[in-house]
Amino acid sequence: MCSHYQAEKRRKLIEKHFGIQLPPSWEPPPGGLHIYPTQMAPFIRRPPERESGDEAVPDFELAEGHFGLLPGFAKEAKYGLQTYNARTETVGELASFKHAWAKPRHCIVPCEAIYEPDWRTGKFIPTRFTAANDETLGVAGLWSPWKNPETSEWELSFTMLTINADAHPHFRLMHRPDPKRPPEMQDKRMVVILPEAQYGEWLDAPPERSMDFMVQFPAERLAMTAEAVPPKEPKAKLARATKAPPEEPTLF
C-alpha cells in the first residue's frame, strides 16, 4: 500500500522522461510535495485530443487530479481515502475501479520518492524509496473523470496499482506483520513501478494486456532510506480544483 509519496518536482526530469514542455508558470503541488490521499497531484496520461490523429498533439500530457480514484457514484472527494491504491487481483471486479480498468484509462504517477512504514523494530519508522540513479519513479495507475456534486464541475482523480510483495527483498519488510499469517503469506504490497521503456506501451495497452505490466521493480534499482517526514499540511492549503470536460455523458 502507498498512502504517502513525494510528487516529482524536478521540471527537467519530467520534461526529459515524458517529452513534455512545461509552461514557465508550472509549479509542483503544494504541501511540501508530500502527497496524501484526496490531495491534488500531477499524473501523466495520453492527451484526449491524440485520438483525432492531429500530429501536433503531444504524446504525453501532465494532468492534475485527486489522489484516490473517484468513480461516478462517489458523493465527495473523501471517497478517495478508500481508493488511493487498487489491488491488481481485484481491480477488474470492484465497482470503484472496474470501469477505469476496462476503459482502459491508464496513467503514470511521477514520483520523486515513495514512503512505506517499517515495523521491524516494533515501532513505526517511515522509509523512503527512491530510484537508485535518482531518476523519476513512474508508478502505473488508473485515472477517471468525476463530476463534483457540490460544484457541478468536472475534476480528475487517479489511483496507484499494487501487487503482492511477499518475495520482494525490500517491500516484504514493510508494513506491520500479520501474526495470523505465515511469513510467506503476509500479502505485503508494493506499487507497480514501470521501467521508462514501457511508459508508452502501458498508456496504450488494451485491457487484455494490462496485467502484463504488473511485475515487481528490481530491488537493485531502488534506494531505501529510513527518515522522519514532516507533518501533513492543512488541507485548506492543498485543495485545488481541476476542471475537465466530460468524455461521455455518464461513467457507467
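Assorted remarks:
- Solvent-accessible area of Asp59, all protein chains in place: 80 Å² (probe radius 1.4 Å, heavy atoms, ligands and nucleic acids excluded).
- Taken per residue, the accessible surface of the chain reaches 49 Å², heavy atoms only and a 1.4 Å probe.
- Here the alpha carbons of segment 78-203 define both size measures, Rg and Dmax, at 16.2, 49 Å.
- When you restrict to C-alpha pairs under 8 Å that are six or more residues apart and normalise by the size of segment 51-181, the relative contact order lands at 29 percent.
- Area of Phe18 that stays accessible when all protein chains are in place (1.4 Å probe, Å², to 10): 0
- Accessible area of the chain belonging to carbon and sulfur atoms, whole % at 1.4 Å probe: 53
- Evaluated at q = 0.11, 0.12, 0.18, 0.25 Å⁻¹: base-10 log I(q)/I(0), Debye formula over Cα of segment 41-117: -0.36, -0.42, -0.89, -1.28
- Distance-filtered residues of segment 72-91 - backbone nitrogen under 13 Å, label point 7 angstrom along Met211 Cα→Cβ: 88-91
- The 1.4 Å probe gives accessible areas that order Arg11, Arg45, largest first, as Arg11, Arg45.
- Compactness relative to 2.2 N^0.38 Å, alpha carbon Rg of the chain: 0.98
The values are calculated or read from the model by the stated rules, or taken from the named source; none is laboratory data. Fair warning: this is a prediction, and the values are worked out from it, not measured in the lab. In this analysis, Cβ positions are derived from the backbone assuming ideal geometry, glycine residues included, and neighbour counts consider all displayed protein chains. Accessible surface is based on the protein model in full, side chains and every heavy atom, while ligands, DNA and RNA are left aside. Shrake-Rupley method; radii C 1.70, N 1.55, O 1.52, S 1.80 Å.
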